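Engineer: Encoded as structure tokens, here's the structure I'll be asking about.
The values are calculated or read from the model by the stated rules, or taken from the named source; none is laboratory data. Every value quoted in this text rests on a predicted model; they were computed, and no experiment measured them. Cβ coordinates were reconstructed from backbone atoms using ideal geometry, including for glycine residues, and neighbour counts include every protein chain displayed.
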Amino acid sequence: MVGHAGWHDRRTSRGSGSGANNADGQRCWSIFIARKTAALITASLVSGGIYAGAKESEVKKLRAFGRSIGLAFQIVDDVLDVTQTSEQLGKTAGKDTAAQKATYPALFGIEESARKADALVSAALRNWKVWRKGGHAEGVGSVSGGAEEVSGRR
């Protein structure tokens, strides 16, 4: 994570923090989070799929689902950090802003963050439906409900 610390500090990032659509900032943010939250979720899904004997095409769908849900989860978590109180969150609110972290809301604003999280959840659910059609989702129907809950946390 040390290699990403400079980017994650908004003072050294290209992001303006004004909500401007900054493609470089979005790309850097996605890379950083893909190696963090999304990577953890994706690893558990992909390893489970491989263990269950999934075909490469099915593992690809699990990977896409995990990445989308991981990115959406992080965006929503970052939005909540600036829109909720510590009491509502059950943890200290505003830590990312105080640390000047280049979060998605800091780079693109709350509304764009909400749109992006919703789009990522929709993409994840499309991949999940393909996975389920293959008959592999026995006993894990709550995954799609969990995906919808990610965007519903706002």
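Engineer: Yes or no: E112 out of contact with any Ser or Thr (no Cβ under 6 Å at 6 or more places or on another chain), crowded, with 17+ Cβ neighbours inside 10 Å and farther than 21 Å from D24 by Cβ?
Structural biologist: The answer is no for E112.
Engineer: I've got another one for you. In segment 87-110, what count of residues is obtained for those that are assigned to a helix (DSSP H, G or I), without any contact (Cβ under 8 Å) to a residue 60 or more places away in the chain and farther than 12 Å from D77 by Cα?
Structural biologist: Of the residues in segment 87-110, 4 are assigned to a helix (DSSP H, G or I), without any contact (Cβ under 8 Å) to a residue 60 or more places away in the chain and farther than 12 Å from D77 by Cα.
For (1) basic (K, R); (2) buried (at least 18 other Cβ atoms within 10 Å of the Cβ); (3) more than 18 Å from C28 (Cα to Cα); (4) under 13 Å from the mean Cα position of the chain (by Cα), each residue gets a yes or a no:
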site	(1), (2), (3), (4)
E56	no, no, yes, no
G94	no, no, yes, no
A102	no, yes, no, no
L107	no, yes, no, no
V121	no, yes, yes, yes
A124	no, yes, yes, yes
N127	no, yes, yes, no
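Engineer: Does V150 satisfy the criteria of being at pLDDT 90 or above, within 27 Å of D24 (Cα to Cα) and either surrounded by 13 or more Cβ atoms within 10 Å (Cβ to Cβ) or more than 13 Å from the chain's Cα centre (by Cα) (or both)? Quick ask: steps written out before the conclusion?
Structural biologist: On the way: at pLDDT 90 or above: no; within 27 Å of D24 (Cα to Cα): yes; either surrounded by 13 or more Cβ atoms within 10 Å (Cβ to Cβ) or more than 13 Å from the chain's Cα centre (by Cα) (or both): yes.
Taking the combined requirement at face value, the residue does not satisfy it.
Engineer: For segment 1-69, list the helices (runs of 4 or more DSSP H) that sit wholly inside it and hold at least 1 residues that are at pLDDT 65 or above and within 12 Å of Y104 (Cα to Cα); which are they?
Structural biologist: Working: elements: 2-8, 23-34, 37-51.
Qualifying helices (runs of 4 or more DSSP H): 23-34.
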